[in-house]
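The values are calculated or read from the model by the stated rules, or taken from the named source; none is laboratory data. Computed from a predicted model, the values in this text were never measured in an experiment. Positions of Cβ are backbone-derived with ideal geometry, glycine not excepted, and every protein chain shown enters the neighbour counts.
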């Protein structure tokens, strides 16, 4: 079996010698002058089993990709980080957990250390394997601010890949705020120096805002919990990325109990029909914003779910007109949905159907601009006295829809499916036909005058 170029071939870079699999790979031209193993790498994988050879090959492949990437970068810090990750991968390929030399001596028995030496002897390694097995590559040091930039650009890349521009901006903003708050109270420390006392400094910073000894409460518990939760995740992810055990997270078991959760009050049916759906009540809004409100009233959807609909999610010619609330997989225009349970089909009834027919391609003015939509609607409703109380917000429309379904005696699971709430039981079947869902929702459809469109 001959080594192949990297691609889909499951046996790339594998060949055999006397029945033993070997990892054989040419050093890329751009790295030939930098890699002492050039022009080619030949490493015995010490196994006759193809499945095991592939696993070990993957580790060596990962290590070499990291190393060559580092050679081609001018940044000394990124080179050091890549060399360390390459050493971690090589140690794994040889069947060991990478430990820096000092940790190895302190934590492993003599027999375990001898096993490492025996593995080196058996494989006739070059210096790179010796560095990996004996922990001779120092862990790279980075300050929190530097580690966070790596987290954004590389470690969390897959997590944000499916987010829209707005979602990515908001996701990043929350985490950047958490890092900035930590640095303001504990300093921009080297990542490996962050300890429990530093985490407690952030905790105490938020405690003074959430439960001050004197004076009014400044912030909600959820704000503090977000900061601590973000740092907990960043710390764990960065340590794992560097191949360091992440079982002693300094941010673990720190949180605030939120006793001030605000439940937005719903609109009553009388208020919806008599004020919001009254002819002329929404006339001062632009057409897209006005019709989004009307669709919200009869779907219970989140405003962001409606304003980000695109043409292939709007099914007006179907036997049961409906919208498909789902993520967008378009690489040029991706978008995530809040949770898996939020992916759903919602029949269009009443004024929602009438309004949606006017926008078969969606709402370009507010696509990826849900924050602008929210500000526009809340300001208009306040200015025109369309909120019954100061506690009401646009989101109260969603709460009103759920209450209307409940008061009409609609099936509990139907309500949860329409709202996009998780159902805590195994899922069987399709959850009911669209026709049945439409018939049920028509029971709560509100009266409206087409003049209000």
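When you check residue 274 against the structure, is it out of contact with any strand residue (DSSP E or B) (no Cβ under 8 Å at 6 or more places or on another chain), in the same structural domain as residue 441 (by TED's automatic domain parsing), assigned to a loop (DSSP other than H, G, I, E, B) and farther than 22 Å from residue 196 by Cβ, yes or no?
no
With surrounded by fewer than 15 Cβ atoms within 10 Å (Cβ to Cβ) and at pLDDT 95 or above as the only criterion, which of 360, 388, 347 stands out?
The conditions single out 360.
Output the number of the condition that residue 214 fails; it satisfies all remaining conditions of (1) more than 22 Å from the chain's Cα centre (by Cα); (2) surrounded by 12 or more Cβ atoms within 10 Å (Cβ to Cβ).
Result: residue 214 passes all but (2).
Go through the residues of region 421-434 one by one and say whether even a single one is assigned by TED's automatic domain parsing to the domain that holds residue 339, at pLDDT below 95 and touching a strand residue (DSSP E or B) at 6+ places or on another chain (Cβ under 7 Å).
yes
Take residue 168 and decide whether it is at pLDDT 90 or above, touching a helix residue (DSSP H, G or I) at 6+ places or on another chain (Cβ under 6 Å), within 30 Å of residue 309 (Cβ to Cβ) and not assigned by TED's automatic domain parsing to the domain that holds residue 371.
yes
If you go through region 118-141 one residue at a time, do you hit one that is touching a strand residue (DSSP E or B) at 6+ places or on another chain (Cβ under 7 Å) and at pLDDT 65 or above?
Within region 118-141 (the criterion being touching a strand residue (DSSP E or B) at 6+ places or on another chain (Cβ under 7 Å) and at pLDDT 65 or above), the answer is yes, since at least one residue qualifies.
Per-residue answers, yes or no, for (1) within 23 Å of residue 404 (Cα to Cα); (2) assigned by TED's automatic domain parsing to the domain that holds residue 365; (3) in contact with a helix residue (DSSP H, G or I) (Cβ under 7 Å, 6 or more places away or on another chain):
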| position | (1), (2), (3) |
| --- | --- |
| 280 | no, yes, no |
| 297 | yes, yes, yes |
| 305 | yes, yes, no |
| 323 | yes, yes, yes |
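Give region 371-385 a look and list any residue that's surrounded by 18 or more Cβ atoms within 10 Å (Cβ to Cβ) and either under 23 Å from residue 326 (Cα atoms) or not assigned by TED's automatic domain parsing to the domain that holds residue 350 (or both), or say none.
373
Conditions: (1) under 24 Å from residue 63 (Cα atoms); (2) touching a helix residue (DSSP H, G or I) at 6+ places or on another chain (Cβ under 9 Å); (3) surrounded by 15 or more Cβ atoms within 10 Å (Cβ to Cβ). Residue 265 meets all but one. Number of the miss?
Tallying (1) under 24 Å from residue 63 (Cα atoms); (2) touching a helix residue (DSSP H, G or I) at 6+ places or on another chain (Cβ under 9 Å); (3) surrounded by 15 or more Cβ atoms within 10 Å (Cβ to Cβ), residue 265 fails exactly one: (1).
With the condition kept exactly as written, say whether any residue in region 310-326 is touching a residue at least 40 places away in the same chain (Cβ under 8 Å), under 21 Å from the mean Cα position of the chain (by Cα), crowded, with 20+ Cβ neighbours inside 10 Å and not in a loop (DSSP other than H, G, I, E, B).
Yes, the conditions are met somewhere in region 310-326.
Among the residues of region 172-221, how many are without any contact (Cβ under 8 Å) to a residue 40 or more places away in the chain and outside any helix (DSSP H, G or I)?
8
Is it true that residue 438 is in contact (Cβ under 8 Å) with a residue 60 or more places away in the chain, over 20 Å from residue 339 (Cα atoms) and in contact with a strand residue (DSSP E or B) (Cβ under 9 Å, 6 or more places away or on another chain)?
yes
Residues in region 77-90: is at least one surrounded by 14 or more Cβ atoms within 10 Å (Cβ to Cβ), closer than 24 Å to residue 9 by Cα and at pLDDT 75 or above?
Among the residues of region 77-90, not one is surrounded by 14 or more Cβ atoms within 10 Å (Cβ to Cβ), closer than 24 Å to residue 9 by Cα and at pLDDT 75 or above, which makes the answer no.
Output the qualifying pairs, or none if there are none: Cβ atoms under 9 angstrom, residues six or more apart or on different chains, first residue in region 351-370 and within 11 Å of residue 289 (Cα to Cα) and not assigned by TED's automatic domain parsing to the domain that holds residue 292, second residue at pLDDT below 95 and not in a loop (DSSP other than H, G, I, E, B).
Pairs that qualify, where the first residue is within 11 Å of residue 289 (Cα to Cα) and not assigned by TED's automatic domain parsing to the domain that holds residue 292 and the partner is at pLDDT below 95 and not in a loop (DSSP other than H, G, I, E, B): there are none.
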